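Working notes, structure below.
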Amino acid sequence: MEGREFMAEKILLDPHGRGLESIFDLADLKKLRSLGEIIWGKDQPMPEAGWSPLRKEISIIITGNWRYGEVSQFPNLRAILEVSGGFPSPNQLDYTDCFTRSIRVMSCAPAFGPVVAEMALGLAIATARQIVWNEAAFRRGEANWSHQNFGGTFTLYDKPAGFIGFGGLARSLKPLLEPFRASIQVYDPWLTDSYLEQQGVVPVDLETLLKTSRFIYVLAVPTRSNRALLNRQKLSLISKDAIFLLMSRSHVVDFEALTELLAAGRFQAGIDVFPQEPLPLDHPIRTLPNVVLSSHRAGAIGEGLLNIGRLVTRDVEALVSGKAPQEMQQVQPEYIRARG
C-alpha cells in the first residue's frame, strides 16, 4: 500500500437508479466496503443534507447520475464512477473543472459490451434465418416444411459486416463474428485509419459501408454531430439483401425514415432501441414482417448488471492503492466537446 491506508478514503456510494444487489454480488460489495469508509450505500438517493457536510472529505463518488452541483464543492475528489451506462451530461457536470483537477470521470459502459454484442449476434442470426417469423408461422400451422422454398434466408458466413462506430460494443462484437469469416469494415470519424487497420478492420466512408455491407451494426454513441446521421438519403443506400441492426442509440437514426423504408421492404432489420420507450402500441414498425424487435434489453440481463459492480470494485481498488484504474471507460475531452 506504500503508506496509504484504505480507510483514509471516503467513498460516496449513491447508485440511485441501480439497486445495490442488482449491480454488486456479495463478494464485490464486501470487497468495496473493505476499500474505504462507505458513505450511504443505499438504493435511495442520498439527500443533500447527508452528503453536503462531508463534501470536503469525499474522494470517490459512485453514482447513477451526477446531482451534486459544482465539482468545486469537493476539494479532495479524485474520481467519479457512474453506474448508469453513460457519462453525465455536460449540463450537469463541469468537465473543465474535472480535467483541470485531474478528476477521473468513469463510465460502466464496458460492463455491457459483451452482453450487447451477444444480443447483436442473436438478432443478426434471428433475422437472417427468419427464426422469429418461422416460429410464429409454426404456431399458426403455416410453417414451411418443404425444404425447397427457403424464403430468402441466409447465413452469416462470408458475408461482409459494417460497424458504425468502433467503441466498446464493436470491440466486443468483432471476435464473435470471427468464426463466420466475416470481413468487417468500419466507419468511425473519431478514430484514425491506421488504428482501425491495426485492429484488423477496414476503415471506409459511411456511404461505402451502407452500400456494401450485408450486416450493418449501428454501435455508435450519441454525440451532437451524429444526431440522425443515418437519414433517409443514407438509409436508402442499403441494399435489399442487407440487415440493419440498431443496437446503440436511436439518436443516430432518422427513425421515421427507417420505418418507412422497412415498410416498403427495402431491407430487413433487428432493432433493440427506440426514440420513445416504451414504443407506442400503434407505432407502424410493430406490424412489419421484416423486422425483429427487442425492447431495449440487449444489456438488461443480470449477469451484465453484475459486471458493473465488478468493474467498479476493481477500479476503486486501483484508485485507493495509488494505481491507474483499467476497467471502466474514462471520458475523453474530445467526446465531451462533441457531445456539447
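We did not get these values from a lab; they are worked out from the coordinates using the rules stated. This is a predicted model, so every value here is computed, not measured. Heads up, the Cβs are rebuilt from the backbone with ideal geometry, glycines too, and the neighbour counts pull from every protein chain shown.
For GLN332 and SER146, what is the calculated FRET efficiency with R₀ set at 56 Å and r taken between the beta-carbons, to the nearest 0.05? Walk me through the numbers on the way to the answer.
Values: r = 55 Å, r/R0 = 0.98.
So, using R0 = 56 Å, E works out to roughly 0.55.
For the chain, what does the helix formula give at 222 nm: sum of -39500 (n - 2.57) over DSSP H segments with n ≥ 4, over the residue count, nearest 500 deg cm²/dmol?
Roughly -9000 deg cm²/dmol at 222 nm, from the helical runs in the chain.
Under 13 Å from the Cβ of ILE243, count the other residues' Cβ atoms, weight Lys and Arg +1, Asp and Glu -1, and hand me the total.
On the way: positive: ARG129, LYS159, ARG214, LYS240, ARG266; negative: ASP241.
Net of charged neighbours comes to +4.
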- Query: Just how large is the dipole of region 1-126 about the Cα centre, in debye to the nearest 20, putting +1 at every Lys and Arg Cβ and -1 at every Asp and Glu Cβ?
  - Reply: 140
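Please report, in debye to the nearest 20, how large the charge dipole of region 128-275 is about its Cα centre when each Lys and Arg carries +1 at its beta carbon and each Asp and Glu carries -1 there. Present the calculation step by step, with values, prior to reporting the outcome.
Values: 16 positive and 14 negative charges, 41 e Å.
The calculated dipole for region 128-275 is roughly 200 debye.
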- Note on the chain: the mean projected area of its alpha-carbon convex hull, in nm², is 19.8
- Task: Report the local net charge at PHE166: Lys and Arg +1, Asp and Glu -1, summed over other residues whose C-beta lies under 9 Å from its C-beta.
- Result: +1
- Message: Using Cα springs under 10 Å in a Gaussian network model of the chain, which residue among HIS283, HIS16, HIS296 shows the largest mean-square fluctuation?
- Response: HIS283
- Item | Computed over region 112-293, the ratio Rg/Rh where both radii use C-alpha atoms and Rh is Kirkwood | 0.96
- Message: Placing +1 on the Cβ of each Lys and Arg and -1 on the Cβ of each Asp and Glu in the chain, which of LEU169, LEU210, PRO45 has its Cα farthest towards the positive end of the resulting dipole?
- Response: LEU210
- Descending principal axes extents, region 196-298, alpha-carbon based, whole Å: 45, 27, 23
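Antiparallel as a % of all DSSP beta bridges within the chain, to the nearest 5? Mind showing how you got there, number by number?
Numbers: 2 of 41 bridges.
Restricted to the chain, the bridges split so that about 5 percent are antiparallel.
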- Task: State the Cα centre-to-centre distance between region 63-106 and region 140-197 in whole Å.
- Result: 36
- Task: Keeping to pairs on different chains or 8 or more places apart, tell me how many lysine pairs in the chain have Cα atoms under 24 Å apart.
- Result: 20
